[in-house]
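Below is one structure, written out as structure tokens, with a few remarks after it.
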Amino acid sequence: MKTDILLGLQWGDEGKGKVVDVLAGQYDIVARFQGGPNAGHTLEIKGKKHVLHTIPSGIFRDKVMNVIGNGVVIDPISFLEEVRGIEALGIDICKNLILSKRAHLILPTHRLLDASSEAQKGKEKIGSTLKGISPAYMDKTGRNGLRVGDILEKDFSAKYKTLAEKHLQMLSLAGYEFDKKVFEENEKKWMDCVAFIRTMQCIDTEYYLNDAIKAGKRILAEGAQGSLLDIDFGSYPFVTSSSTTCAGACIGLGIAPTTIGEVEGVFKAYCTRVGSGPFPTELLDDIGERICQVGREFGSTTGRKRRCGWLDLPALKRAIMLNGVTKLDMMKIDVLNEFDEVKVCTHYIVDGKQTEQLPYNLSTEIKPVYKSFKGWGKLPESMAYDKMPTELKEYIKFVEDSVGVPIKLLSVGPERSQTLIR
């Protein structure tokens, strides 16, 4: 059986969590392959809002196993808080959650390094969530990191001390000041949370997943952030620290490219971005503010206000190309219900020339070329596609024809039930 992949095609916050929750019942395993607690996958079930950061979005399905893959970085403190929050809903999370021994750990000192680095950048800040993600990935690639499997080893305390002291020396050299008492309290709390993780299912998940593939199990690989934030192909340096594209699933789970099946790409009917970085279709006017307020565009992890703009087809096409997307999910259509006019960016004008390609330097002057559509107004209560307004159907068809990939799922509200499968 092939492994299907679900990932975001914009700057994150596309609605991946909801889609995974909707689709999870069709799968035996949901596996996260990259990112860390900087992710915020929001699900609304029966009027209740749930935000997942590290734990896969299949956790609310009783018969689905959830795997945190080797490509994820884990902060034991925020992880345990997330676990306790889910357990409070009456879910026996430990039964259906597995952690890779090869997943790297975020130390308390990683958070300090993150804050120090961002402070030094001044006006050039990249918009870090200050969760310690980047320093943790830097230690991973620098071959200094601590992994989940290390907490099971006898020399873990010594390994931790060596790395933490190295970080503290770096902070001292940088002249970064912090409250040492608060740090010591966080360090003790971190160790207590590590002790909890030792009681969980920590295994070599690459064997578990490949055995599941051979046994014919259905697996859904879940990405975090979005393709335009990929460390290699995103709007560098305003990107995340991991591979958010389809290729990242193979690296982050330990599965071969030949095992990949469907690649499902999630995007909003408009665009948003949180933090710094280029955003060609950003609306710095009342329309952008209106989209923000109607769409409740505030980060589920940081609470930061998201920048809003019209749908960007050149960027979407590039993400589809890089990921080999086979089907699409259009989210938050309902947010645009009250707009008399809806626009889509079809091309850019760069250096006086029209193009559909994103330039290497996204900070260069880019003028979007828009096509306008008549708004579709209020959507019917019926979830049947043939009952949808003609104007919305025309909008969807134009996007499909432009990118060459069918839109199979439409989200017209935050609830699990407000989802139309075509």
Alpha-carbon centroids, the range 316-359 and the range 213-256: separation in whole Å:
21
Sites C94 and E400 - FRET efficiency at Förster radius 45 Å, r taken between beta-carbons, to 0.05
0.60
Convex hull volume per residue in cubic angstrom - Cα atoms of the range 144-242
173
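About the Cα centre of the chain, how large is the charge dipole given +1 on each Lys and Arg Cβ and -1 on each Asp and Glu Cβ? Please answer in debye to the nearest 20. Walk me through the intermediate numbers first.
Numbers: 57 positive and 55 negative charges, 84 e Å.
It comes to approximately 400 debye.
Calculate how many DSSP beta bridges within the chain are antiparallel, expressed in % of all such bridges and rounded to the nearest 5.
On the way: 25 of 62 bridges.
Taking every DSSP beta bridge with both residues in the chain, the antiparallel ones total about 40 percent.
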Which entry in [x] 36, 26, 19; [y] 45, 33, 20; [z] 30, 25, 23 is this structure's computed semi-axes √(5λ) of the Cα gyration tensor in Å?
[x]
Cross-link reach from K397 to lysines, straight Cα distance under 17 Å and at least 8 residues apart if same chain, gives K268, K317, K327, K332, K343, K371, K374, K387, K408
For Y176, Y395, what's the fewest-to-most ordering of other Cβ within 10 Å of each Cβ?
Y176, Y395
Rounded to the nearest 5, the percent of antiparallel DSSP beta bridges in the range 276-422 equals 75
With every atom except the alpha carbons ignored, what do you get for Rg and Dmax of the range 83-210, in angstroms?
16.4, 47
Work out how far the C-alpha atoms of the range 233-289 reach from end to end along every principal axis, then list the three figures in whole Å, largest first.
47, 25, 14
Could you list T244, T326 in order of exposure, starting from the residue whose Cβ has the fewest other Cβ atoms within 10 Å?
T326, T244
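Considering Cα pairs under 8 angstrom that are at least six residues apart, work out the relative contact order of the range 89-175 and quote it in whole percent.
On the way: 76 pairs, mean separation 31.4, N = 87.
It comes to 36 percent, rounded to a whole number.
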Can you tell me the relative contact order of the range 31-150? Whole percent, Cα pairs under 8 Å, sequence separation 6 or more.
25
Bins of 5 Å, beginning at zero and ending with the bin holding the largest distance: percent of Cα pairs per bin for the range 235-378, please.
2, 8, 15, 20, 20, 17, 11, 5, 2, 0
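Taking R0 as 51 Å, what's the FRET efficiency between Q293 and K161 from their Cβ-Cβ distance, rounded to 0.05?
E between Q293 and K161, to the nearest 0.05, is 0.55.
Arrange the following residues from fewest to most other Cβ atoms within 10 Å of their Cβ: H41, H167.
H167, H41
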Hey, what did the chain get for relative contact order, percent, Cα under 8 Å, at least 6 apart?
21
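Read-outs: derived from the displayed coordinates by stated rules, not from any lab. Predicted model only: the values in this text are computed from it and were never measured. So basically every Cβ, Gly included, is an ideal-geometry build from the backbone, and we count neighbours across all protein chains shown.
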